[in-house]
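Taking it in order: structure first as structure tokens, then the write-up.
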Amino acid sequence: MSIGRCGPSLALLGALLLATPGAQAALTPAQSCQVKKLKEAAKYVKCRLKAEQKGIKDNLSPDFTACDTKFGSKFPQIDTKFGAVCTTEGDSASVMSRVTGHIEDLVGALMPPLATYACDVLAQNGCASGEACYLVAPSVEPATSACASEGTGGQDTPCTFANDCVAGFGCLLPDVNPGDFLCTAMCDTNGGAPSCGGGLVCRRLNEFYEDVKRVPADVGICVTP
């Protein structure tokens, strides 16, 4: 009887041993390098998001100096430690650029739509007769909009103020001649109206001008490809 009772217990033990996964394999040097880089990249993402949050709360342009300095120091040290076993080397600038771009996309997507502003620069509604809606996008404050008397300047017309231009345009520094402010058509980056003509393409405003961070994601300007 004693032997009979032990039999099932031993069989169950054997089943448990077979079902238990083996010990985790050790990481290769290349994997260890990747893990370290992802960890530093995650810290950089968190740091920049906190800076964006603080900038919005304080109504100031976000300060990324501390984030950039720390990441620029720590990330290259991983290459130094692991050397050629890393699948990528010297990629700190590339990672910084990717993180920055994705965070700016996120911040722009979370901005309120233009419909909640004083007027809508894309749809051109909300203003009195004889006025047009113009985007006000200083680098140290969130973008807004305002109604002003409509100007007469069309695409590439020299300007000093936004309302030197006709409705649907802004007074901006273009890529073709960065020394002069020119009237530049606004466009919907989601493919709606207004769109660009004359061989121009629509690019997000806060992608084209890096110092303008807080513009809704659907607001773009027409520029040369």
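The values are calculated or read from the model by the stated rules, or taken from the named source; none is laboratory data. Quick caveat: nothing in here was measured; it's all calculated off a predicted structure. Cβ sites come from the backbone with ideal geometry, for glycine too, and all protein chains shown count toward neighbours.
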Checklist outcome for this item: With the first residue restricted to segment 80-106 and required to be charged (D, E, K, R), and the second required to be outside any helix (DSSP H, G or I), Cβ contacts under 8 Å at 6 or more apart or on different chains are E104/K213; D105/A217
Checklist entry - Any idea which residue in segment 138-188 is modelled with the highest pLDDT, counting only those that are outside any loop (DSSP other than H, G, I, E, B) and acidic (D, E)? => result D164
Next on the checklist: Just to be sure I understand, how many residues within segment 57-93 are part of a loop (DSSP other than H, G, I, E, B), over 23 Å from E104 (Cα atoms) and of a type in the set (G, A, S)?
Outcome noted: 1
Checklist entry - Just one of the numbered conditions (1) part of a helix (DSSP H, G or I); (2) at pLDDT 75 or above; (3) farther than 30 Å from A143 by Cβ is not true of P8; which one? => result (2)
Checklist entry - If you take the residues of segment 99-137 that are surrounded by fewer than 17 Cβ atoms within 10 Å (Cβ to Cβ) and of a type in the set (A, V, I, L, M, F, W, C), which of them is modelled with the lowest pLDDT? => result A115
Next on the checklist: For a quick check of your reading of the model, give me the residue pairs whose first member lies in segment 116-128 and is closer than 12 Å to T144 by Cβ, whose second is among the charged types (D, E, K, R) and at pLDDT 90 or above, with beta-carbon atoms closer than 9 Å and at least 6 apart or on different chains.
Outcome noted: C119/E131
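Looking for whichever is at pLDDT 90 or above and either not hydroxyl-bearing (S, T, Y) or not in a helix (DSSP H, G or I) (or both) here; the options are K54, K43. Which one fits?
Exactly one residue qualifies, and that residue is K43.
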